[in-house]
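Here is the structure we will look at, set down as C-alpha cells.
The values are calculated or read from the model by the stated rules, or taken from the named source; none is laboratory data. Keep in mind it's a predicted model, so treat the numbers as computed, not measured. Reconstructed Cβ throughout: ideal geometry from the backbone, glycine too, with neighbour counts over all protein chains shown. SASA here: full protein model, heavy atoms, side chains in, ligands and nucleic acids out. Shrake-Rupley method; radii C 1.70, N 1.55, O 1.52, S 1.80 Å.
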Amino acid sequence: MTSPIFTLDRTDIKILDILQNDGRISNIKLAEMVNLSATAALARVQKLTKDGFILGYEAKLNPEMLNASFVVFVEILLDKTTPNVLEEFSDAVIQYPEIVECHMISGGFDFVVKIRCANMEEFRRISGQVLWQLPGVKETRSYPVVEVIKESSKIHLKNKPQK
C-alpha cells in the first residue's frame, strides 16, 4: 500500500494530534490552539475528514468497569489460505464483538486476534464456541495478557509536514 498523495502542513499535523488526544475539543478551542479562526479550523477538520485522515470519533471506555478487562491474543492457523477461505474467515470474524481486533500476518500463523472478555472462564467459552467455529481454523495458540503496559490507538505524528 502506498502513502496518500495528499500533503499535510504543520497546522494539519497539529490539528490531527490535538484531535487524537481530545476528539471532543470545541472548534473554538482547537482554533485557538492552532492559531486559526474558528471557520478556518473547521474547514481544515472537514477537509481532513473528507480526505480520509480522520476516520471518525469514539469514546474510550473503561474495560475494568464494563467487565471486559481480560485480554487474550490468539494466533490462528488456517488449514488452507486460498482466497475464498481467507474471505470466509474474515467475514466470520467481523460477526463476533468479543474479537476486538483481527490482523492477517505473515509468518508461522495466518491471523492474530485480540479478544476482550470478563475472565478465563469466558475466554474458554469463546474459544470453543467462537474461535473453533470460524471457517478453516486448523490450530490456535492463546496468550492471556498478565498486565497491560501500554495500549493506545494513537498514531505518532512527526512535527514536520509530509512530502
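Residue pairs whose Cβ atoms lie under 8 Å apart, separated by 6 or more positions or on different chains, with the first residue in the range 99-110 and assigned to a strand (DSSP E or B) and the second of a type in the set (D, E, K, R) and open to solvent by less than 80 Å² (accessible area, probe 1.4 Å), are ILE99/LYS114; VAL100/LYS114; VAL100/ARG116; GLU101/LYS114; CYS102/LYS114; MET104/ASP110.
Of everything in the range 135-156 that is in a loop (DSSP other than H, G, I, E, B) and within 12 Å of VAL71 (Cα to Cα), the residue that is most open to solvent (accessible area, probe 1.4 Å) is VAL146.
A Cβ distance below 9 Å, combined with a sequence gap of six or more or placement on separate chains, defines the contacts here; from the range 41-56, residues that are free of Cβ contacts under 8 Å to residues at least 40 places away in the same chain and open to solvent by 50 Å² or more (accessible area, probe 1.4 Å) reach residues that are of a type in the set (D, E, K, R) and outside any loop (DSSP other than H, G, I, E, B) in the pairs ARG44/ASP12; LYS47/ASP12.
Just wondering, is there one or more residues in the range 118-141 that are among the hydroxyl-bearing types (Ser, Thr, Tyr) and under 30 Å from THR11 (Cα atoms)? Among the residues of the range 118-141, not one is among the hydroxyl-bearing types (Ser, Thr, Tyr) and under 30 Å from THR11 (Cα atoms), which makes the answer no. For the range 97-134: of the residues being within 20 Å of the chain's Cα centre (by Cα) and of a type in the set (Asp, Glu), which is most open to solvent (accessible area, probe 1.4 Å)? That would be GLU101. Based on this model, can you work out whether ILE25 counts as of a type in the set (A, V, I, L, M, F, W, C), open to solvent by less than 80 Å² (accessible area, probe 1.4 Å), closer than 21 Å to SER153 by Cβ and free of Cβ contacts under 8 Å to residues at least 24 places away in the same chain? Considered against the rule, which asks whether it is of a type in the set (A, V, I, L, M, F, W, C), open to solvent by less than 80 Å² (accessible area, probe 1.4 Å), closer than 21 Å to SER153 by Cβ and free of Cβ contacts under 8 Å to residues at least 24 places away in the same chain, ILE25 comes out as yes. Considering only residues in the range 72-88 that are without any contact (Cβ under 8 Å) to a residue 12 or more places away in the chain and over 25 Å from PHE123 (Cα atoms), the one that is surrounded by the fewest Cβ atoms within 10 Å (Cβ to Cβ) turns out to be PRO83. Does the range 148-160 include one or more residues that are more than 30 Å from THR7 (Cα to Cα), in contact (Cβ under 8 Å) with a residue 24 or more places away in the chain and not polar (S, T, N, Q)? Within the range 148-160, one or more residues are more than 30 Å from THR7 (Cα to Cα), in contact (Cβ under 8 Å) with a residue 24 or more places away in the chain and not polar (S, T, N, Q).
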